[in-house]
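The values are calculated or read from the model by the stated rules, or taken from the named source; none is laboratory data. Just so we're clear, the structure is a prediction, and the values are computed from it rather than from any experiment. So basically every Cβ, Gly included, is an ideal-geometry build from the backbone, and we count neighbours across all protein chains shown. Surface areas here come from the heavy atoms of the whole protein model, side chains and all, with no ligands, DNA or RNA. Shrake-Rupley method; radii C 1.70, N 1.55, O 1.52, S 1.80 Å.
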Amino acid sequence: MKYISTRGQAPALNFEDVLLAGLASDGGLYVPETLPQFSTEEIASWAGLPYNELAFKVIKPFVADCIVDADLKQMIDDTYAGFNHIAVAPVQQLGTNEWVLELFHGPTLAFKDFALQLLGRLMDYALAKRGERLVIMGATSGDTGSAAIEGCRHSEHLDIFILHPHNRVSEVQRRQMTTILADNVFNIALEGNFDDCQQMVKDSFADQGFLNGLKLGAVNSINWARIMAQIVYYFSAALAVGGPHREVSFSVPTGNFGDIFAGYLAKQMGLPIKQLVVATNRNDILHRVISGNDMSKGELKHTLSPSMDIMVSSNFERLLFDVYDRDGAAIDQLMARFKAEAVQLDGARWDKVRALFDSYAVDDETTCEVIKDVHAQTGYLLDPHTAIGVKAARECNRDASVPMITLATAHPVKFPEPVVKAGLESPQLPAHLTDLFEREERVEVLANDLATVQQFVASHVHRN
Ligand SMILES: *Cc1c(COP(=O)(O)O)cnc(C)c1O
């Protein structure tokens, strides 16, 4: 399968090149040239498959010309064997036709494990084949960092450097990163804020000379392989509640639009999905685009659902590419304008977006209320991101006879503040993490200075 850039200029690449490249050379994002199609009968025949076997069916067409079946199967099996629930992605019923899809049974208790556990293995595999090494550099305000580190800790051909703002991530989140003592894992606590961390990573990607010939790779959700891995659980969830012979709807707590874009792809590949609901917090650019054709950057607001605190959703470009009939030049122009000012989509394009997605924005107060109400009604404890998804699902549901599945993107123990604000007891760490607070930490506190950080990275990378 070939992959093409949303900006139309970069060369088409195969899966392995896209995996290692991250961003396209024209500044665009890679998408498959064509999508695999599955018939209803074929999807129905997957009912009852274990998660890893289903993942193999869905992922195989995207990578088949680069990875032989047996190797792909092994990587997928290893990835999901590391999850702490036998069903990997179980669904729980909250009410009549109301479900949550628990995506927090991976090693770091958030859905990002689904993609990053596989991504680390895929990258290592490609690098081994080529006899190359890659350096991963990423910035995190919490979740992505720990999931990326967990995904790469066993990789023999990668070093990973994760920057987090010193003293500005929760203790659980910090410890999930800094207690991984593998030789190829480096945590940098930057004396600055999250934006400083991100800027530092951006500047390093722009000029990689400090690495003396080594190259940087990306693990954020611009990497196509992450989206690909996330398509699988839309199929597994639909099958679990009666699909594909009946339609299902999904509500997705959304930040960078990676997770919900995977749902959109599942639908394009043949899964009967009725509604896709974009659930945002007060950082609501996507809700404003979908409901009012207002694509303008707002101020960044810090909320009780920090993993969705974004001003711009980078993966939305992948959707716009389809909505603009894959006209790369049009996307290039639109994104250039958007960099400078607020933009509106052409009327007919916006209609397409509105036909595909519903949306709803939820503030902190309502988030706490939903956590409290759902707990009172069902005894089930939602994390704040998931609570936003449940609220949006209830507000946007257009057909009570269709199962509505909210993606539970994190375990509530990761975000105790809103749970306590809702008047509930703070949840306990699951068994595999109970000694987290006793484990040894390794972290380097560095000044907010590009040369200092790059010097640290260059002197710690492993070379062949
Ligand atoms: C990353 C994250 C999200 C947002 O996912 P996107 O793919 O960026 O839209 C939602 N909830 C949690 C807990 C996350 O970690």
Looking for something of a type outside the set (S, T, N, Q), assigned to a helix (DSSP H, G or I) and modelled with pLDDT of 95 or more - is there at least one such residue anywhere in segment 90-98? no
Filter result for VAL31 (in contact with a helix residue (DSSP H, G or I) (Cβ under 9 Å, 6 or more places away or on another chain) and closer than 20 Å to PHE261 by Cα): yes
Out of all the residues in segment 205-221, is one or more within 16 Å of the ligand (Cβ to nearest atom) and over 30 Å from VAL453 (Cα atoms)? no
Tell me, which helices (runs of 4 or more DSSP H) lie completely within segment 1-87 with 1 or more residues that are among the aromatic types (Phe, Trp, Tyr)? 15-21, 51-63, 69-81
For segment 338-352, state whether one or more residues are assigned to a loop (DSSP other than H, G, I, E, B) and closer than 18 Å to TYR3 by Cβ. no
Test ARG175 against the criterion of being basic (Lys, Arg) and part of a loop (DSSP other than H, G, I, E, B), and give yes or no. no
Looking at (1) within 16 Å of the ligand (Cβ to nearest atom); (2) at pLDDT 95 or above; (3) open to solvent by 60 Å² or more (accessible area, probe 1.4 Å), which one does GLU417 not meet, given that it meets all the others? (2)
Can you work out which of the residues in segment 139-169 that are open to solvent by less than 30 Å² (accessible area, probe 1.4 Å), in a loop (DSSP other than H, G, I, E, B) and within 13 Å of the ligand (Cβ to nearest atom) is farthest from VAL413 (Cα to Cα)? THR140
Consider only pairs whose beta carbons are under 6 Å apart and that are at least six residues apart or on different chains; among these, list those whose first residue lies in segment 192-213 and is charged (D, E, K, R) and whose second residue is in a helix (DSSP H, G or I). ASP203/LEU450
Take the conditions more than 20 Å from the chain's Cα centre (by Cα) and either part of a helix (DSSP H, G or I) or in contact (Cβ under 8 Å) with a residue 60 or more places away in the chain (or both) and apply them to GLY263. Does it pass? no
Cross-chain or 6+ apart pairs with Cβ under 7 Å, segment 372-396 first and among the small types (Gly, Ala, Ser) and surrounded by 18 or more Cβ atoms within 10 Å (Cβ to Cβ), then modelled with pLDDT of 95 or more and part of a loop (DSSP other than H, G, I, E, B): ALA392/VAL362
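Quick check: is even one residue across segment 170-188 modelled with pLDDT under 90, touching a His at 6+ places or on another chain (Cβ under 9 Å) and crowded, with 17+ Cβ neighbours inside 10 Å?
Yes.
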Selected residue (only one of VAL252, VAL289 is more than 12 Å from the ligand (Cβ to nearest atom) and at pLDDT 95 or above): VAL289
Starting from segment 402-420, keep only residues that are in a helix (DSSP H, G or I), then list their pairs with residues that are among the acidic types (Asp, Glu) and within 11 Å of the ligand (Cβ to nearest atom) whose Cβ atoms are within a distance under 7 Å, requiring at least 6 positions of separation or different chains. PRO412/ASP383; LYS414/ASP383
When only residues in segment 302-329 that are open to solvent by less than 20 Å² (accessible area, probe 1.4 Å) and among the small types (Gly, Ala, Ser) count, which is farthest from the chain's Cα centre (by Cα)? GLY328
Number of the condition not met by GLU299 [criteria: (1) of a type outside the set (A, V, I, L, M); (2) in a loop (DSSP other than H, G, I, E, B); (3) open to solvent by less than 10 Å² (accessible area, probe 1.4 Å)]: (3)
Just checking, does segment 264-280 include any residue being under 16 Å from VAL323 (Cβ atoms), modelled with pLDDT of 95 or more, touching a strand residue (DSSP E or B) at 6+ places or on another chain (Cβ under 7 Å) and away from the ligand (no atom under 16 Å from the Cβ)? yes
Of the conditions (1) over 20 Å from the mean Cα position of the chain (by Cα); (2) outside any helix (DSSP H, G or I), the single one that SER291 does not satisfy is (2)
Of SER307, SER313, the only residue that is of a type in the set (S, T, N, Q) and touching a His at 6+ places or on another chain (Cβ under 7 Å) is SER307
Scanning segment 122-133 residue by residue, the ones that are open to solvent by less than 10 Å² (accessible area, probe 1.4 Å) and under 20 Å from VAL201 (Cα atoms) total 1
